[in-house]
Amino acid sequence: MSDPGGRAPDILIRGGTLVDAAGARPGDVMIVGERIAGVGAGLPDEGADVVDASGALVVPGGIDVHTHFDLPVGGVRSADDFETGTMAAACGGTTCVVDFAGAGRESPEEALAEWHAKASHRAVVDYAFHVTLTAVPEEDDRAQEMFRWLLGQGVSSVKLYMAYPDRLMVDDATLARALATGAATGVLVCVHAEDGMAVERAVAETFRDGRTDPLTHARVRPPEVEAEAVRRAGDLARAARAPIHIVHLSSAAGLEAVRAARSRGARIFVETCPQYLWLTEDRLAGPAETTQNFVCAPPLRTEQDTRALWDGLADGSIDLVATDHCPFTTADRREGVRGGGWSNFTEIPGGLPGVETRLGLIYQGVRDGRYSAERWVELCAGAPARVFGLSRSKGQLREGFDADVVVFDPEAHRSLDAGHLHMATDHSPYAGMDVTGWPALTFARGRLVAKGGDPADAEGGWGRFVPRSARQSG
Ligand SMILES: [Zn+2]
């Protein structure tokens with residue numbers, strides 16, 4: 001162990017309601033050093049710092065498998081780096097993030113080297129990487145060599161885009177090759193499922209009509225664009241006999257396409273994000289100065305879509321919640337990706353802040369009676385760990401696991417205004433909203449990194465890279 005401040009004191013979290021895949025039950029959690037040393041009722045506390053968790057939920061730290069820290073997007077850059085982003089994560093009860101390494105055209109080697117340099121000595125909580133791919137070698141053995149090299153680097157998932165033909169989009173043959181290589185090696189293929197060519201056609205049409213405002217951004221990326229891509233990705237995955245993960249699913253039509261593909265035999269994991277549950281496209285209508293802050297892709301949808309997604313979380317058809325955390329400052333959005341101010345919606349850097357607010361927002365589903373506290377923990381920690389190869393050390397309260405533990409106060413009130421949050425942006429998409437239920441204490445590998453939703457003994461460099469393993473088949 002390399003605890004820079006000496007061995008962390010032993011801690012006993014006493015008398016809370018423990019919640020994870022083993023159910024919800026009263027009990028204690030004993031932390032020794034960086035690990036959970038015991039879970040159960042009436043654990044001995046001699047010599048330990050005792051935390052009274054009565055009335056609180058004691059849960060495994062959140063795992064956010066979709067963040068974009070320190071990501072260059074044209075002439076601007078996502079506002080959070082690994083220090084501010086993981087600090088904000090800790091304040092909101094997330095103790096591990098999986099960030100997307102690579103901005104497009106670099107090799108996997110270059111992308112990983114660059115992302116390790118960004119994260120090491122800065123991250124406050126543990127982190128891992130996916131790699132974004134824009135090409136896959138044509139020859140089977142070379143493609144497998146690339147994926148096995150990634151596994152050797154602790155990277156067990158890649159992402160390909162079905163959108164953004166100018167920068168990132170791959171054709172179906174490339175996606176099919178990635179899936180076949182994933183099936184052969186155990187690397188999980190993730191896709192951004194939007195039909196990029198359909199979007200391009202719609203954009204050209206709106207420009208001819210002279211429409212340039214943020215609401216048009218939602219009009220050119222309707223739910224059918226997502227559903228069509230999900231259908232295509234599902235068929236390719238089924239043909240390759242490979243599992244596939246759909247990132248940031250946003251619509252009722254997309255979810256229907258997932259269910260249909262599964263019924264045809266495709267093995268599909270699905271994530272959605274809080275913005276698609278809480279926000280709707282009317283945020284994009286109005287003065288551009290404020291509506292530009294709600295541009296993300298896929299775009300915000302309708303009330304009916306949010307209801308379908310909440311139902312999907314409850315009935316199990318959506319596996320997990322991540323954030324697609326990719327904040328920009330208001331000034332950077334105004335600046336546009338080319339740096340001269342934006343003149344139409346395609347130039348607004350897209351993405352919302354979210355790494356800090358996920359646990360609290362998804363907990364509201366428990367308060368509203370949509371699902372149980374166990375389901376909430378499964379969506380935010382258990383399933384992300386299992387799907388993304390972290391379940392040997394994270395995602396559950398188990399002896400021997402990393403002491404990533406959150407004491408969650410189900411009655412704490414939190415304002416979601418930017419001034420009460422720690423993400424490095426000047427606006428919050430949830431401004432004006434208060435939630436009930438927020439982390440009281442966040443332990444990251446045994447260290448108290450946040451208290452009462454604010455940074456505590458947090459230090460850049462405490463977070464370590466976590467190598468991930470291939471999913472077990474089955
Ligand atoms: Zn993303």
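General remarks:
- Entry note: the chain has Rg to Rh equal to 0.96, where both radii use alpha-carbon atoms and Rh is the Kirkwood radius.
- Residues in the range 287-298 carry Karplus couplings, in order, of x, 4, 4, 9, 5, 4, 6, 10, 7, 8, 10, x Hz; the curve used is 6.51 cos²θ - 1.76 cosθ + 1.60 with θ = phi - 60°, and Gly or Pro positions show x.
- Net +/- balance of residues flanking SER156 in space, Cβ distance below 10 Å, scoring K and R +1, D and E -1: +2
- Computed over the range 61-387: relative contact order in percent, which uses C-alpha pairs under 8 Å that are six or more apart: 19 percent
- 4 °C / 1.567 mPa s Stokes-Einstein diffusion coefficient of the range 238-363, Kirkwood radius on C-alpha pairs, µm²/s: 83 µm²/s
- Span-like helix ranges in the chain, DSSP H, alpha carbon extent 27 angstrom or more, Kyte mean at least -0.5: none
- Cβ-Cβ FRET estimate between ARG267 and THR174, R0 fixed at 22 Å, reported to 0.05: 0.65
- Dipole magnitude (debye, nearest 20) for the chain, charges at Cβ of Lys, Arg, Asp, Glu: 960 debye
- Residue list for the range 370-410, given a label point 7 angstrom along the Cα-to-Cβ vector of LEU43 and an amide N cut-off under 19 Å: 382, 392-409
- Per the Debye formula on identical point scatterers at the alpha carbon atoms of the range 234-281, with no solvent, log10 I(q)/I(0) at q = 0.13, 0.23, 0.33 Å⁻¹ is -0.31, -0.78, -1.23.
- Among residues other than VAL435 with Cβ under 15 Å from its Cβ, the summed charge is -2 (Lys and Arg +1, Asp and Glu -1).
- Amide N proximity, the range 75-99 versus THR330 label position 7 Å along Cα-to-Cβ, cut-off under 19 Å: 77-80
- A DSSP coil position with no more than 16 other Cβ atoms inside 10 Å describes none of the chymotrypsin sites (Phe, Trp or Tyr not before Pro) in the range 423-468.
- Leading residue at positive end of dipole, the range 61-387 (Cβ point charges), from ALA176, LEU313, PRO299: LEU313
- For the range 264-376, the relative contact order works out to 29 percent when only alpha carbon pairs closer than 8 Å and six or more residues apart are counted.
- All aspartates and glutamates inside 12 Å of LYS118 as judged from Cα atoms, apart from same-chain residues fewer than 8 positions distant: ASP70, ASP80, ASP81, GLU83, ASP99
Here, each number is a calculation from the coordinates, and none is a lab measurement. Note that the structure is a prediction, hence the values are computed from the model and not measured. In this analysis, Cβ positions are derived from the backbone assuming ideal geometry, glycine residues included, and neighbour counts consider all displayed protein chains.
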